[in-house]
1. May I ask you to verify whether residue 47 is surrounded by fewer than 17 Cβ atoms within 10 Å (Cβ to Cβ), at pLDDT 95 or above and not in a helix (DSSP H, G or I)?
2. In segment 205-232, what residues are of a type in the set (D, E, K, R) and assigned to a loop (DSSP other than H, G, I, E, B)?
3. If you scan segment 91-118, which residues turn out to be in a loop (DSSP other than H, G, I, E, B) and surrounded by fewer than 19 Cβ atoms within 10 Å (Cβ to Cβ)?
4. Could you list, in sequence order, the residues of segment 169-191 that are out of contact with any strand residue (DSSP E or B) (no Cβ under 9 Å at 6 or more places or on another chain) and among the acidic types (Asp, Glu)?
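The values are calculated or read from the model by the stated rules, or taken from the named source; none is laboratory data. Owing to the predicted nature of the structure, the values given are computational and were not obtained by experimental measurement. Using ideal geometry, Cβ is built from the backbone for each residue, glycine included, and neighbour counts are taken over all protein chains shown.
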Amino acid sequence: MTRADPLPRLAVLIDAENISPRIAQRLFEEIATFGEASVRRIYGDFSEERLKGWAQILADHAIIPQQNFALTVGKNGSDIALVIDAMDLLHSGRFAGFCLVSSDSDFTRLAARLREQGLDVFGFGEAKTPKSFRQACKRFVLTENLLPRSEPIAPAPSQKTTVGAAAAPHPASLTPADATAMVLRAIAQLEDEEGWVHLGGLGSRLLAMDPEFDPRTYGCAKLTTLIEKAGGFEVRRGGGMSVQVRQKSGPH
């Protein structure tokens, strides 16, 4: 009997002041698709009322709080503590990747530094997260997609603002047709002589083109559903799980 390969070990570092606690359950379900959340730490001043929501659920998800008192107005010691811990964990050599959970562009350089060392970085943040941080991650997941589409996410508890905060449209405003142009570009890079592309390869190319690409942003649970609802594409199913896609010929 062959022993299964162990899951990649991941360090999950959460900026409590920039992320709503309402995404906690789905957050760890999502992280489980990338690897094992071996370290789970959250940073903030939990003596403040605005972080009470996080304080009430830490034990439910085995998250270790890293208390940082706000000693000076306008200074954020939590961000510095998170970065210090990330570098310590990086140099331990025990992890294959990091999950940085924040909507703050201040972590852009941290994400880039971790990737320079060959580690995967999975970012999680709201649609307002500046493009710089989103693009610095191997994969970026919108926290709006971690709640039912009918349930809008509450604002994060922090009052911090960052440059470019309104860089992305809210997921609820997007439809499958909005993804058509990007899907067409990806197909053009991969298509065979008849224009067909394997769905798995297409999904990988879309993520390589844009680390925040996610069918859920367009109201679809799966890429196949997105392709079918977008219109303008043919879908061909073969034996087993084989699925191929190509652009429809002629006017759509």
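1. Here the answer is no, as residue 47 does not meet what is asked.
2. Answer for segment 205-232, where residues must be of a type in the set (D, E, K, R) and assigned to a loop (DSSP other than H, G, I, E, B): 210, 212, 214, 222.
3. If the condition is that a residue be in a loop (DSSP other than H, G, I, E, B) and surrounded by fewer than 19 Cβ atoms within 10 Å (Cβ to Cβ), then 93, 94, 96, 117, 118 are the ones that fit.
4. 178
One line per residue, one yes/no per condition, for (1) assigned to a helix (DSSP H, G or I); (2) out of contact with any Cys (no Cβ under 8 Å at 6 or more places or on another chain); (3) at pLDDT 90 or above:
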site	(1), (2), (3)
149	no, yes, no
165	no, yes, no
180	yes, yes, yes
183	yes, yes, yes
203	yes, yes, yes
234	no, yes, yes
240	no, yes, no
252	no, yes, no
